[in-house]
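So the structure is just underneath, and the comments pick up after that.
Nothing in this text is a laboratory measurement; each read-out follows from the coordinates by a stated rule. If you're wondering where the values come from, they're calculated on a predicted model, not measured in any experiment. Cβ sites come from the backbone with ideal geometry, for glycine too, and all protein chains shown count toward neighbours.
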Amino acid sequence: MKHVHAFGDDALSDSDAIDVAQRIASGQVSAAEVLDAALVRLDRVEPTLSAIAYDDRDRARARAAGDFRGVFAGVPSAIKNNTAFSGLPTRNGSAATSAASASSDEAFTGEFLDAGFNVIGATATPAFGLTATTEFADRAPTRNPWDTDFSSGGSSGGAAALVASGVLPIAHGNDGGGSIRIPAAACGLVGLKPSRGRTAPAAMAGKLPIDLVSNGVLTRSVRDSAAFLADVESRRDTGGLPPIGHVEGPGSRRLRVALVNAPVTGRLLDAPTDAALNDTVELLESLGHRVETVPLPVDRSYIDDFADYWAMMAFGIDRFGPKTVGKGFDRSQLDPFTQALSARFFRRMYRLPFAIRRLNKGTAAFRGLCDRFDVVLSPTLAHATPKVGYLSPTGDFDEVFDKLIDYVSFTPANNVSGTPAVTLPLASTSDGLPVGVHFSADVGDERTLLELSYELEAARPFARIQDA
């Protein structure tokens, strides 16, 4: 295995973000010292991992000399490069976008900065976040710190690589079909996709018929994920969503857990994923939770409908880029995967109204599980993270498309339904690659997911790359 990490005896140590913030607040370390440690670590691993789209260290150093507020005051972090951050170009992982710097922050960026983070740069994301691996047609792929032959997942793959390798304790990601949870699973992290509306919507997705995208963070500890949502909630009106509050440990309630152990594609899970799921069932039952296997509430047509909706987003970029992406868009620079996905939608455009209607019916069926169960358990992905190249955007489109459908068949339902979901690094392959296990709940019930996550983290502490 080709491990790459930068953990060491410096100001960051092996701390999570809350611990770093507490040490800054107590005066044990300064914001400048932890920033310097993060930058030294970045320089150590970045030549191998290719996780940064834009390095913004000079501005980060200037900010480190000032004052920070928020629960993560002074903690170094990064923002995904599909989210506008004033002073940096928002390239969306594509040469087709403008290199001009954003003149203002989008709404979520403000929420992120208000939490106190010192942003060191923007993380790599595949073109327009349309695939589940952070690979490109025109540049080096982002590699998995656990084994650099393997994918870091996508589309928040740069964020996952930096957190897993120890450069940062926490980083921004967003999720429109699994894009927080997939890289978190691939890189051995906690990845929580919040309920729709819990955080500010992504600028590109808010006007679509179904807003699939939720902003959040990737972390190495449950408490960092819980603290981030509590901090956002303290400053944000989320309408009718139930409050989460500050979740600080396991709950006492024993849960009714629905086990979904078969992909909607009808394919079999690979052996490591199946073993991880069975081990998690045993762990849950040993803790007093009740697990019942249930059939999927939707059929294969659900995936076909989601794929048509997903392709619609590529079509909107391809045909209406100046409006959907922004000025300076150059269609001739689109990567082959985005072009082919757009062409797929054009051939099947007539299906879209029916697909949207069926997706909404599927949401009702999926949420119906919550009438009987507190939590739905499944694999995060149908098989362990693949090697770099397996999902290459320059590969044969039909082949890559089919592979993607098989790989990510569990995560999209939460994006369509707006329900929260979390992946936890509870298992690994025989070669030591992380395997994520997935839990979801009804809209607004992040608290149950966080309480259960705390309990599972304590019962089965997450593997650490520095110990592997």
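Quick notes
- Förster-model FRET efficiency, 30 Å R0, F7 and S286, C-beta, rounded to 0.05: 0.45
- Per-residue HN-Hα couplings for the stretch 249-261 [Karplus 6.51, -1.76, 1.60; θ = phi - 60°; Hz; x = Gly/Pro]: x, x, x, 8, 6, 8, 9, 8, 10, 8, 9, 10, 10
- Using just its DSSP H runs of length 4 or more, each adding -39500 (n - 2.57), the chain gives a mean residue ellipticity at 222 nm of -12000 deg cm²/dmol after division by all residues.
- Per-pair calculated FRET efficiency, R0 = 45 Å: S234 and S98 via Cβ, rounded to 0.05: 0.80
- Summing +1 for each Lys or Arg and -1 for each Asp or Glu among the other residues whose beta-carbon sits under 14 angstrom from that of D305 gives +4.
- DSSP loop trypsin sites (Lys or Arg not before Pro) with at most 12 other Cβ within 10 Å excluded, longest remaining stretch of the chain: 373-468
- Cβ-defined net charge surrounding V232, 12 Å radius [Lys, Arg +1; Asp, Glu -1]: -3
- Evaluated with a Cβ-only charge set (Lys, Arg +1; Asp, Glu -1), the stretch 17-467 carries a dipole of roughly 1000 debye about its Cα centre, given to the nearest 20.
- Ranked by how many other Cβ atoms sit within 10 Å of their own Cβ, fewest first, the residues D431, D14 fall in the order D431, D14.
- Across all directions, the average projected area of the convex hull around the alpha carbons of the stretch 315-375 is 6.3 nm².
- Alpha-carbon Rg/Rh ratio, for the stretch 68-128, with Rh computed the Kirkwood way: 1.00
- For the stretch 17-467, projected area of the alpha-carbon convex hull averaged over all directions, nm²: 19.2
- A straight line joining the Cα centroids of the stretch 359-421 and the stretch 179-208 runs 13 Å.
- Based on Cα contacts under 8 Å between residues 6+ apart, the stretch 17-467 shows a relative contact order of 18 percent.
- Across the stretch 115-217, the mean sequence separation of Cα contacts (distance under 8 Å, 6 or more residues apart), normalised by length, yields a relative contact order of 22 percent.
- Per DSSP, loop chymotrypsin sites (Phe, Trp or Tyr not before Pro) in the stretch 396-431 with at most 15 further Cβ within 10 Å: none
- Kirkwood-based Rg to Rh ratio, the stretch 235-373, C-alpha trace: 1.09
- Kirkwood hydrodynamic radius of the stretch 130-176, from inverse mean 1/r over distinct Cα pairs, in Å: 10.8
- Debye equation applied to the C-alpha atoms of the stretch 313-422, log10 I(q)/I(0) at 0.23 Å⁻¹: -1.26
- Environment charge at E446 (Cβ cut-off 11 Å; Lys +1, Arg +1, Asp -1, Glu -1): -1
- Förster-model FRET efficiency, 41 Å R0, K207 and R253, C-beta, rounded to 0.05: 0.60
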